[in-house]
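The values are calculated or read from the model by the stated rules, or taken from the named source; none is laboratory data. Owing to the predicted nature of the structure, the values given are computational and were not obtained by experimental measurement. Cβ: placed from backbone, ideal geometry, glycine included. Neighbour counts: every protein chain shown.
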Amino acid sequence: SRGGNSIRSYIKSGGAADVSHAVLCGVPNHGVYNWESGLNNEFNGRGLFLRGLNEGESEVTPGTAFLTLRSDGMDKYAQEDGRFVGKPGTSTGITAEGPALKGATNLVLGALDHRETAFSPRAFREIYRFIAGREPDRVAVLPEAGVSLGGLVTGTPGGIQTNRPVTGASVEIYRVSPDTSERVGGPVHSSQTAADGRWGPAKVDSSWCLEIVLTSPGSTTTHFYRSPFPRSSDVVHLRAARPLGAADAGAGSVLLMSRPRGYFGRPRDVVLFDGKEPADVKPGVPGDSISTLRLTAAEASRPVPALFNEERIVSRPWPASENRIAVAELTY
């Protein structure tokens with residue numbers, strides 16, 4: 001996505017000798033829009049920045065092999081209509097072919113959304129083949145018997161998301177039932193972050209569904225419900241959920257269904273939250289990755305399933321009066 005512009009700029013500005021291959025996934029190489037106004041915006045295909053990157057017979061820098069991966073019409077940032085830049089009904093001057101570059105290997109991956117051009121199994125296969133020069137032995141993730149998890153706790157000072165570490169945040173992990181999300185015993189991990197914001201390592205089994213409780217200073221206590229982690233990772237970064245706001249007033253519990261590695265597509269995907277299609281996920285081109293469910297206090301004791309295609313996570317409501325939010329965070 002956006003980082004691809006920085007990569008191209010670095011390579012064109014003298015970095016080609018250090019970069020053998022560049023993979024650009026869903027990058028708006030010709031802009032998110034192409035307008036006369038806002039010429040200093042990096043996303044304007046008519047602006048100085050992108051015109052400079054794309055000038056010449058070839059749009060790639062010699063010496064580096066380039067691969068672009070794009071969607072066949074489902075990328076929210078490669079649309080002819082300006083809905084996703086706040087101007088519905090206005091032509092952007094951009095089409096689904098916007099990410100393609102003259103001189104690159106350009107592949108269309110099908111009806112994938114913007115994030116899936118990087119995170120999907122199909123994208124992995126093409127990236128691996130481009131860099132390694134051969135097909136991958138497998139695409140599916142092979143589980144490990146013992147899994148070690150860790151990562152960084154970051155925050156949102158002033159409401160702005162950052163990658164800065166948070167000191168004094170506590171992380172607890174519980175094994176939970178896949179059907180009811182009830183905790184199975186006490187915490188399997190408990191730690192508090194120091195100045196570097198790191199948490200872990202937590203030792204879990206690759207078959208366990210997990211509840212990760214993040215208590216971060218000045219933030220909403222967040223209960224993340226996750227599918228089993230098949231393999232170890234030290235980049236399970238955590239950030240507290242959004243603050244409870246006016247729209248949540250009167251709710252007994254607030255639950256989120258979140259897909260950080262993709263968007264929800266209706267009717268492309270099966271998307272059910274508490275057994276219903278979420279009203280806050282708009283149909284058509286996938287552009288929403290979070291759905292919100294508010295329950296009354298009387299409903300706050302029952303499990304709530306979140307289903308996205310074949311991945312199912314059951315979460316439990318927590319009292320909003322205690323400044324808590326539950327998040328069913330999808331892996332796939």
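General observations
Each row is one residue, and each column tells you yes or no for (1) over 27 Å from VAL236 (Cα atoms); (2) touching a residue at least 24 places away in the same chain (Cβ under 8 Å); (3) of a type outside the set (Ser, Thr, Tyr).
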position: GLU97; (1), (2), (3): yes, yes, yes
position: GLY103; (1), (2), (3): yes, yes, yes
position: ALA111; (1), (2), (3): yes, yes, yes
position: THR117; (1), (2), (3): no, yes, no
position: ARG138; (1), (2), (3): no, no, yes
position: SER148; (1), (2), (3): no, yes, no
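- Residue in region 72-83 that is among the aliphatic types (A, V, I, L, M) and in contact with a strand residue (DSSP E or B) (Cβ under 6 Å, 6 or more places away or on another chain) present: no
- Subset of region 197-221 (residues that are part of a strand (DSSP E or B) and aromatic (Phe, Trp, Tyr)): TRP199
For every residue, the table says whether it meets (1) surrounded by 12 or more Cβ atoms within 10 Å (Cβ to Cβ); (2) assigned by TED's automatic domain parsing to the domain that holds TYR10; (3) in a helix (DSSP H, G or I).
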position: ASN40; (1), (2), (3): no, yes, no
position: PHE49; (1), (2), (3): yes, yes, yes
position: SER58; (1), (2), (3): yes, yes, no
position: THR68; (1), (2), (3): yes, yes, no
position: GLY73; (1), (2), (3): yes, yes, no
position: THR95; (1), (2), (3): yes, yes, no
position: ALA111; (1), (2), (3): yes, yes, no
position: GLU126; (1), (2), (3): yes, yes, yes
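- Of all residues making up region 128-166, the number that are surrounded by 15 or more Cβ atoms within 10 Å (Cβ to Cβ) and either among the aliphatic types (A, V, I, L, M) or assigned to a loop (DSSP other than H, G, I, E, B) (or both): 7
This table checks each residue for (1) outside any strand (DSSP E or B); (2) modelled with pLDDT of 95 or more; (3) within 22 Å of SER1 (Cα to Cα); (4) among the aromatic types (Phe, Trp, Tyr).
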residue	(1), (2), (3), (4)
GLY262	yes, yes, yes, no
LEU272	no, yes, no, no
ASP280	yes, yes, no, no
PRO286	yes, yes, yes, no
ARG294	no, yes, no, no
ALA298	yes, no, no, no
LEU307	no, yes, no, no
PRO317	yes, yes, no, no
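- Residue in region 44-63 that is within 25 Å of the chain's Cα centre (by Cα) and closer than 25 Å to PRO260 by Cβ present: no
- Residues in region 75-93 that are outside any strand (DSSP E or B), out of contact with any helix residue (DSSP H, G or I) (no Cβ under 8 Å at 6 or more places or on another chain) and on the phi < 0 side of the Ramachandran plot: 6 in all.
- Subset of region 259-299 that is of a type in the set (Gly, Ala, Ser) and surrounded by fewer than 17 Cβ atoms within 10 Å (Cβ to Cβ) - its residue that is nearest to the chain's Cα centre (by Cα): GLY284
- Considered as a group, the residues in region 113-164 that are small (Gly, Ala, Ser) and at pLDDT 95 or above include one that is nearest to GLY26 (Cα to Cα), and that residue is ALA118.
- Within region 170-187, restricting attention to residues that are touching a strand residue (DSSP E or B) at 6+ places or on another chain (Cβ under 6 Å) and not in a loop (DSSP other than H, G, I, E, B), the residue that is surrounded by the fewest Cβ atoms within 10 Å (Cβ to Cβ) is ARG183.
- One residue from VAL254, VAL236, VAL184 being in contact with a Gly (Cβ under 6 Å, 6 or more places away or on another chain) and either farther than 26 Å from PHE119 by Cβ or hydrophobic (A, V, I, L, M, F, W, C) (or both): VAL236
- Summed over region 237-255, residues that are part of a strand (DSSP E or B) and within 30 Å of PRO201 (Cβ to Cβ) total 3.
- Subset of region 1-28 (residues that are touching a helix residue (DSSP H, G or I) at 6+ places or on another chain (Cβ under 7 Å), surrounded by 17 or more Cβ atoms within 10 Å (Cβ to Cβ) and part of a loop (DSSP other than H, G, I, E, B)): GLY26, VAL27
- Criterion: among the polar types (S, T, N, Q) and without any contact (Cβ under 8 Å) to a residue 40 or more places away in the chain - qualifying residue of SER253, SER291: SER291
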